[in-house]
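**Q** Can you keep this structure in mind? I'll have questions shortly.
Every number in this text was worked out from the coordinates using simple rules, so none of it is lab data. Just so it is clear, the structure is predicted and the values come from calculations on it, not from any experiment. Cβ placement follows ideal geometry from the backbone for every residue including glycine, while neighbour counts extend to all protein chains displayed.
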Amino acid sequence: MASVSKLARDRRKKNAPYYIQFFDHEGNRRTTKGCSDKGVSEAKAAKIETLIEKIKMGVAEVAELNAILGRPDSEDFDQYITDFKKSLTRKKNTEKHVKLTISRIKLVIGGCGFTSLNDGNADAVETFLTDYSEKQGLGHRTYNHYLQAIESFGNWLAHPKRRVLDHNPFAGIPRRNAATDVRHQRRALTTEEITKVIETSRQSSYTVQGYDGEKRSRLYLLSYMTGLRKGELASLTPRSFDLGSPQPALTIDATASKSRRRDTLPLHADLVAIVQAWITGMTDEQPLFPKLARKKTYFMIRRDLEEAGIDYKTEDGIADFHAAGRHSHITGLLRSGVKLVDAQKLARHTDIRMTMKYTHIGLDDQAKAVNQLPAIPPPKSEAAGKCLHIVCTESGADGQSGASRGSDRQKQQPKETRRNPNDDKGFGAVRQPVSPTGNNRQKVEAAGIEPASRDISTQASTCVVV
């Protein structure tokens, strides 16, 4: 039996539409949009129920039901993808992101053989992407990007404002752990390495990707000192800098920022005069790095690293443009003693775990951190001192204390007046002769530290704890 009701948030809104919930001929729960008139919505619900019964009896086609529900067939499928593309563009996504997302959606839909929106199935998508990733050798991260694209399309179709679909048919596919399949492990450059690369590029006579040595050195320097991404560097113009304020800063426009928000970052004091010299004579809208977004910056840094005698790839990872700039910037902040939470803010990460992925702290850095811990002083207790300092001295006593059972002297001395509570262990005042020679400078041994000498012909030393 179909039910007609408004959404919970619309129950007090007079002109809000009603929604019809029903079970189709395959037993699946479906929802379709009615209108603001309850009577008309109920009439549509009754028509749907009648048509479903006819489909079960074989006297009606599913296409008739899709026509009532407004479900498109294959010829209308591309129109929804086009509308989704317009939606992505309106949200100020970059042209590259929109193009890549749409191409991945079309690849998945075509690979799964979907001919209408009703064919959407999460199992089919997962099976296709698994086979496709194996054939193409895709990493886990790229696999997740394909899932993200098709799921975002499903969410758009099932949005309450559209109700093209009752639910997202592509939701629920598990993501892969990208950390177990890193294809591009990056490493950070040290300050000495990045300095050498900047100087090498500045003095070079060759051109890479249309950039001469001076332009490349400026690019490397600004990337390292600010931690900006490639697209953000490409958006910089003289208008982006505020060099005359008490705290010089640069501003990243929301259209260029990865987080799609306007960001303002403080400038290093050494950069102020350098940037001022760069922008002198430029117009306000003239880019500092023309057409950088289309340049292959990894070609630039790889060539200059080679000229500087620095390996592009080591066992720690590669030093591409993103690593030499942004990774080195964030790692350098932490090496300089900046707190992780402050580094997160400067990197403009919403999750501190992302900042930690950009930090490349080696064993030497960890050793320096450990050595900054305050030293713990040795224990000052008398017992500990006695255990640590033992010297041997000569004694003028007559012998070593005896511990014979039934000693009269031991019996006569009250327990509470004994100077040494461990008399029964050989630390008493009475000494037992070690050597029968009777000389006045006999050497005796403190019992309890090492066994007394059994050779009566040999003199023993006395070990005194001080």
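**Q** Please get the size of the charge dipole for segment 3-69, origin at its Cα centre, with Cβ charges of +1 on Lys and Arg and -1 on Asp and Glu, quoted in debye to the nearest 20.
**A** Using only the charged Cβ atoms, the result is roughly 600 debye.
**Q** What list do you get for Leu334, Leu228 if you sort them by fewest beta carbons within 10 Å?
**A** The most exposed by this proxy come first: Leu334, Leu228.
**Q** If you don't mind, there's one more thing I want to ask. Rank the residues Ser235, Ser336, Ser3 as a footprinting-exposure proxy: fewest other Cβ atoms within 10 Å of their Cβ go first.
**A** Fewest-to-most ranking of Ser235, Ser336, Ser3: Ser336, Ser3, Ser235.
**Q** While we're here: Taking a point 7 angstrom from the Cα of Lys313 along the C-beta vector, which residues in segment 179-196 have backbone N less than 11 Å away?
**A** 184-185, by backbone N distance to the label point.
**Q** Right, another one. What FRET efficiency comes out for His184 versus Arg12 if R0 is 60 angstrom and r is the Cβ-Cβ distance? Round to the nearest 0.05.
**A** Efficiency for this residue pair is about 0.65.
**Q** With no solvent and one point on each alpha carbon, what is the Debye value of log10 I(q)/I(0) for segment 30-136 at q = 0.13, 0.20 Å⁻¹?
**A** -0.70, -1.09
**Q** Exposure proxy check: Ser103, Ser201 ranked by fewest other beta carbons within 10 Å?
**A** Ser103, Ser201
**Q** Hey, another quick one. Express in % the proportion of alpha carbon pairs of segment 74-180 at distances exceeding 20 Å.
**A** The share of Cα pairs beyond 20 Å in segment 74-180 comes to 37 percent.
**Q** Could you list the trypsin sites (Lys or Arg not before Pro) in segment 222-324 that lie in coil according to DSSP, counting only those with at most 16 other Cβ atoms within 10 Å of their Cβ?
**A** Those that pass, being in a loop and sparsely packed, are Lys258, Arg260, Arg261, Arg262, Lys291, Lys296.
**Q** Here's another thing I want to ask about it. Kindly state, to the nearest 0.05, the FRET efficiency for Val59 paired with Asp119, given R0 = 25 Å and r defined as their beta-carbon distance.
**A** So the FRET efficiency works out to roughly 0.60.
**Q** Taking just the alpha-carbon atoms of segment 3-69, what radius of gyration and Dmax come out, in angstrom?
**A** In order Rg, Dmax, the Cα atoms of segment 3-69 give 12.8, 41 Å.
**Q** For Asp270 and Arg239, what is the calculated FRET efficiency with R₀ set at 25 Å and r taken between the beta-carbons, to the nearest 0.05?
**A** In this case the efficiency is close to 0.70.
**Q** Let me ask something additional. Take the Cα atoms of segment 268-319, find their three principal axes, and give me the spread along each one in whole Å, biggest first.
**A** The Cα atoms of segment 268-319 stretch 43, 29, 18 Å along the principal axes, largest first.
**Q** Just to check I understand the Karplus step: with θ = phi - 60° and J = 6.51 cos²θ - 1.76 cosθ + 1.60, what whole-Hz values come out for segment 337-348, glycine and proline as x?
**A** Listing the rounded values in order: x, 6, 5, 4, 5, 6, 5, 4, 5, 5, 7, 6 Hz.
**Q** Around Arg262, with a cut-off of 14 angstrom between Cβ atoms, what is the net charge of the other residues, counting Lys and Arg +1 and Asp and Glu -1?
**A** Residues close to Arg262 contribute a combined charge of +2.
**Q** Another question, then. Please state the charge dipole magnitude for segment 191-371, taken about the Cα centre, from unit charges on C-beta atoms (+1 on K and R, -1 on D and E), reported in debye and rounded to the nearest 20.
**A** The dipole magnitude comes to about 720 debye.
**Q** Read phi for every residue in segment 133-147 and hand back ³J(HN,Hα) as whole Hz from Karplus 6.51 cos²θ - 1.76 cosθ + 1.60, θ = phi - 60°, with x for Gly and Pro.
**A** Each residue of segment 133-147 in turn: 5, 5, 5, 8, x, 6, x, 4, 5, 5, 4, 5, 5, 5, 4 Hz.
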